[in-house]
Amino acid sequence: MKAISDGSARIRRGWWLGAALAAAGCAGGGAPGVPDPAGEEGDGIADGGETAVRDLVGSPGIPSHSGGGCDAPFGIAMARIPAGTFVMGTPPDEIGWSDDLPPREVTLTHDLCIGVYEVTEGEYAEFTGQRPSADAECGDDCPVENVDWNEAVLFANAVSDAAGLDRCYTCVAHEDGGRCVAAMDPYSCNGFRLPTEAEWERAARSGGAGDGAFPNGGNLPSADVADECDGDVVLDDGSSLARSSWFCGSSGGLKMPVGLLDANAAGLYDVSGNVWEWVHDAAGPGESSPIDPVVVDGADRVKRGGSFFGEPWKARIGGRATHPPTTRGNVMGLRLARTAP
């Protein structure tokens, strides 16, 4: 796999963007070819592509808005997710089930403010002065990636500082970066943070998922398409996965600008695919409380949501994986959250 150096990634991205938007009934053109599937944690981007469609359509830009009193610095758009009780986790007979949590009823007692978009390269640079992404050519409106869990929460602390709010994490310097732990119970912190795993799933399922495996509903129709990377996947309700998810069959192996595809019913974009999103929780043993659950014990941390390199089964709401908090990769990003004031 070739590292980005000559603009070929931008050309390839434009080609696949046009193909995916055409398949979803939007502007663009050209039929997709076969992506060059890379390892989920790959560090390079393949050459390929024919037409720089993204150069023609340009970046869509990110609207600056907040909902329900969920104000954030730098115009970071956030939506309000109401408190409530829901079934978290997935049944083991769901196609694609792997390391999913078992289903159980949990209750969140606080409204949640959560990013409408994944944190972008421009937002990350604004608060940290750094641009860590492996695919920097994608631009300021693309999700930041190549950040570990510690760097993700350091970003959240920086946003809290800018807003004059409490830091939700305590961090100490280390020779290869910060080492961070939660400063307090996440639900009681008034600053910005990562969503807990329960909050992330509540937001992903809000409004439109129903019993479906994906944020806008629908399930994989068979195990035969769980690993499909050769174009779109039609779900069992007749909907197109490529309308709402950048996965290996729709992205051509490249991340895309945030907010191009369909949002879920809560107004959140790229909940499925584009980049994996770190969440607050540790990946410890046992089961947390059913009321405002959070896992605090364990060395590893959890990521949710799948990525542009990932197969369809990883883009399900239940898709998750765990890593040491120092793990970086060109598919690892974040979405900002805060307990609603």
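The values are calculated or read from the model by the stated rules, or taken from the named source; none is laboratory data. From a predicted model like this one, the values you see are computed outputs, not experimental measurements. Heads up, the Cβs are rebuilt from the backbone with ideal geometry, glycines too, and the neighbour counts pull from every protein chain shown.
For Ala242, the requirement of being among the aliphatic types (A, V, I, L, M), buried (at least 20 other Cβ atoms within 10 Å of the Cβ) and assigned to a loop (DSSP other than H, G, I, E, B) is not met.
Taking the condition modelled with pLDDT of 95 or more, of a type in the set (Lys, Arg), within 28 Å of Thr326 (Cβ to Cβ) and surrounded by fewer than 21 Cβ atoms within 10 Å (Cβ to Cβ), does Arg80 pass?
Numbers: modelled with pLDDT of 95 or more: yes; of a type in the set (Lys, Arg): yes; within 28 Å of Thr326 (Cβ to Cβ): no; surrounded by fewer than 21 Cβ atoms within 10 Å (Cβ to Cβ): yes.
For Arg80, the condition - modelled with pLDDT of 95 or more, of a type in the set (Lys, Arg), within 28 Å of Thr326 (Cβ to Cβ) and surrounded by fewer than 21 Cβ atoms within 10 Å (Cβ to Cβ) - is not met.
Condition check: of a type in the set (A, V, I, L, M) and assigned to a loop (DSSP other than H, G, I, E, B). Does Val294 satisfy that? It is true that Val294 is of a type in the set (A, V, I, L, M) and assigned to a loop (DSSP other than H, G, I, E, B).
The rows are residues; the columns are (1) of a type in the set (Phe, Trp, Tyr); (2) in a loop (DSSP other than H, G, I, E, B); (3) in contact with a Cys (Cβ under 9 Å, 6 or more places away or on another chain); (4) at positive phi.
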residue	(1), (2), (3), (4)
Gln130	no, yes, no, no
Ala134	no, yes, no, no
Leu154	no, no, yes, no
Val159	no, no, no, no
Arg167	no, yes, yes, no
Val181	no, no, yes, no
Pro195	no, yes, no, no
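Summed over the stretch 81-114, the residues that are of a type in the set (Asp, Glu), in contact with a Lys or Arg (Cβ under 7 Å, 6 or more places away or on another chain) and more than 14 Å from Gly305 (Cα to Cα) give a count of 1. Restricting the stretch 195-239 to residues that are under 30 Å from Asn157 (Cβ atoms) and touching a helix residue (DSSP H, G or I) at 6+ places or on another chain (Cβ under 8 Å) leaves a set whose member that is surrounded by the fewest Cβ atoms within 10 Å (Cβ to Cβ) is Thr196.
Return yes or no: is Val271 within 18 Å of the chain's Cα centre (by Cα), in a loop (DSSP other than H, G, I, E, B), closer than 20 Å to Ala226 by Cβ and β-branched (Val, Ile, Thr)? Explain how you work it out, then say what you get.
Working: within 18 Å of the chain's Cα centre (by Cα): yes; in a loop (DSSP other than H, G, I, E, B): yes; closer than 20 Å to Ala226 by Cβ: yes; β-branched (Val, Ile, Thr): yes.
It is true that Val271 is within 18 Å of the chain's Cα centre (by Cα), in a loop (DSSP other than H, G, I, E, B), closer than 20 Å to Ala226 by Cβ and β-branched (Val, Ile, Thr).
Determine, yes or no, whether Val275 is over 18 Å from Ala337 (Cβ atoms), buried (at least 20 other Cβ atoms within 10 Å of the Cβ), among the aliphatic types (A, V, I, L, M) and modelled with pLDDT of 95 or more.
Details: over 18 Å from Ala337 (Cβ atoms): no; buried (at least 20 other Cβ atoms within 10 Å of the Cβ): yes; among the aliphatic types (A, V, I, L, M): yes; modelled with pLDDT of 95 or more: yes.
No.
Filtered by the rule that a residue be under 18 Å from Asn264 (Cβ atoms) and charged (D, E, K, R), the stretch 95-135 gives Asp111, Glu118.
Residues in the stretch 221-230: is at least one out of contact with any strand residue (DSSP E or B) (no Cβ under 6 Å at 6 or more places or on another chain) and of a type in the set (S, T, N, Q)? Taking every residue of the stretch 221-230 in turn, at least one turns out to be out of contact with any strand residue (DSSP E or B) (no Cβ under 6 Å at 6 or more places or on another chain) and of a type in the set (S, T, N, Q). So, Pro92, is that one over 15 Å from Gly318 (Cα atoms) and surrounded by fewer than 23 Cβ atoms within 10 Å (Cβ to Cβ) or not? For Pro92, the condition - over 15 Å from Gly318 (Cα atoms) and surrounded by fewer than 23 Cβ atoms within 10 Å (Cβ to Cβ) - is not met. Restricted to the stretch 111-135, and to residues that are among the small types (Gly, Ala, Ser) and surrounded by 24 or more Cβ atoms within 10 Å (Cβ to Cβ), which residue is farthest from Lys255 (Cα to Cα)? Once the filter is applied, the top-ranked residue is Gly115. Cβ separations smaller than 9 Å between residues 6+ apart or across chains give the following pairs from the stretch 210-229 residues that are over 15 Å from Arg243 (Cβ atoms) and at pLDDT 95 or above to residues that are β-branched (Val, Ile, Thr) and not in a loop (DSSP other than H, G, I, E, B): Pro221/Val234; Val225/Val234.
Exactly one residue out of Gly253, Gly306 is surrounded by fewer than 24 Cβ atoms within 10 Å (Cβ to Cβ), in contact (Cβ under 8 Å) with a residue 24 or more places away in the chain and either within 16 Å of the chain's Cα centre (by Cα) or not in a loop (DSSP other than H, G, I, E, B) (or both), and it is Gly253.
Within the stretch 147-170, residues that are over 18 Å from Ser133 (Cβ atoms) sit with their Cβ atoms under 8 Å from residues that are polar (S, T, N, Q) and in a helix (DSSP H, G or I), at 6+ positions apart or across chains, in these pairs: Asp166/Ser160; Arg167/Asn157; Arg167/Ser160; Cys168/Asn157; Cys168/Ser160; Tyr169/Asn157.
From the list Asp262, Asp281, which one is in contact (Cβ under 8 Å) with a residue 24 or more places away in the chain and more than 22 Å from Tyr187 (Cα to Cα)? Spell out how you get there, then give the answer.
Working: Asp281 fails: more than 22 Å from Tyr187 (Cα to Cα).
Asp262 is the lone residue from the list that is in contact (Cβ under 8 Å) with a residue 24 or more places away in the chain and more than 22 Å from Tyr187 (Cα to Cα).
Within the stretch 172-220, the set of residues being within 26 Å of Gly318 (Cα to Cα) and of a type in the set (Lys, Arg) comprises Arg193, Arg202, Arg205.
Checked against the criteria, Glu199 counts as at pLDDT 95 or above, part of a helix (DSSP H, G or I) and in contact with a Pro (Cβ under 9 Å, 6 or more places away or on another chain).
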